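Only one structure is covered here, and it is reproduced in the block below.
The values are calculated or read from the model by the stated rules, or taken from the named source; none is laboratory data. Owing to the predicted nature of the structure, the values given are computational and were not obtained by experimental measurement. Here the Cβ positions follow ideal geometry from the backbone for every residue, glycine too, while neighbour counts run over all protein chains shown. Only protein heavy atoms, including side chains, enter the accessible area calculation; ligands, DNA and RNA are left aside. Shrake-Rupley method; radii C 1.70, N 1.55, O 1.52, S 1.80 Å.
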Amino acid sequence: MDGHGQPPVLPRNRRSSGPQGTRLFSAEELRQFAREATPVVLGRASAAAPVLEGASGDLQGRRISLRPGRQTIGRRGDNDVVLEDLSVSASHAWIMSQRNQYVIMNTLSTNGTFVNGKRVHEATLRHGDRVRFGQAEFTFLTRERGAGSDWRGWLALGVAALAVLGLAAWWLA
């Protein structure tokens, strides 16, 4: 579809349908339809619902919400998470939630699965881990960026307040 809900116009030298009226599309047209149909995932990261946030190339900033159970990741369209990157295998990896932890498992991919730069067959993911499928890189998030540092600000404020109170008590004593 173009941006106005109309099907794309085909050149005159191409058939618009197969022998039974089935519409014919090129691989590039199908990729374009998939890109347009893929919802933008803006899920908030939490321990109960972590996200993979794109860290490279066209994936930069794209968020993929992870759900309980097993999710398949790969280039083929029948995966739960489809990555259109030629370095990603058709069936590249699984991400599974097990006992409140997320585990990534490589499924014999050609270009490997990496966690923090180390090639892995299986690894438990932690907040902030860099996960790479071939050349497609993501950050595993279990909370929003900066959310964990809020307590540090309050701690610094509390220490400063205690120092001022201590100085005032010493001055008045």
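A Förster distance of 45 Å, applied to the separation of the beta-carbon atoms of residue 55 and residue 25, puts the FRET efficiency at 0.90.
Net charge of the neighbourhood of residue 117, taken over other residues with C-beta under 9 Å away and scored Lys/Arg +1, Asp/Glu -1, is +4.
For the range 83-172, what does the alpha-carbon gyration tensor say about shape, rounded, prolate or oblate, given a ≥ b ≥ c as the root eigenvalues, a/c under 1.5 as rounded, and a/b over b/c as prolate? Walk me through the numbers before you get to the answer.
Values: a/c = 4.81, a/b = 3.71, b/c = 1.30.
Cα axes put the range 83-172 in the prolate bin.
Placing a pseudo-label 7 Å from each Cα along the Cα-to-Cβ vector at residue 96 and residue 44 gives an inter-label distance of 3.1 nm. Tell me the accessible surface of residue 28 in square angstrom (1.4 angstrom probe, heavy atoms of protein chains only), to the nearest ten. About 100 Å², ignoring ligands and nucleic acids. The 1.4 Å probe gives accessible areas that order 92, 121, largest first, as 121, 92.
For residue 156 and residue 65, FRET efficiency with R0 = 25 Å and r from the beta-carbon atoms, rounded to 0.05? According to the calculation, E is roughly 0.15. You can think of it this way: the chain between residue 171 and residue 72 has 29.1 nm of extra reach, that is 0.36 nm per residue less the Cα-Cα gap. Ligands, DNA and RNA excluded, the heavy atoms of residue 67 present near 100 Å² of accessible surface to a 1.4 Å solvent probe.
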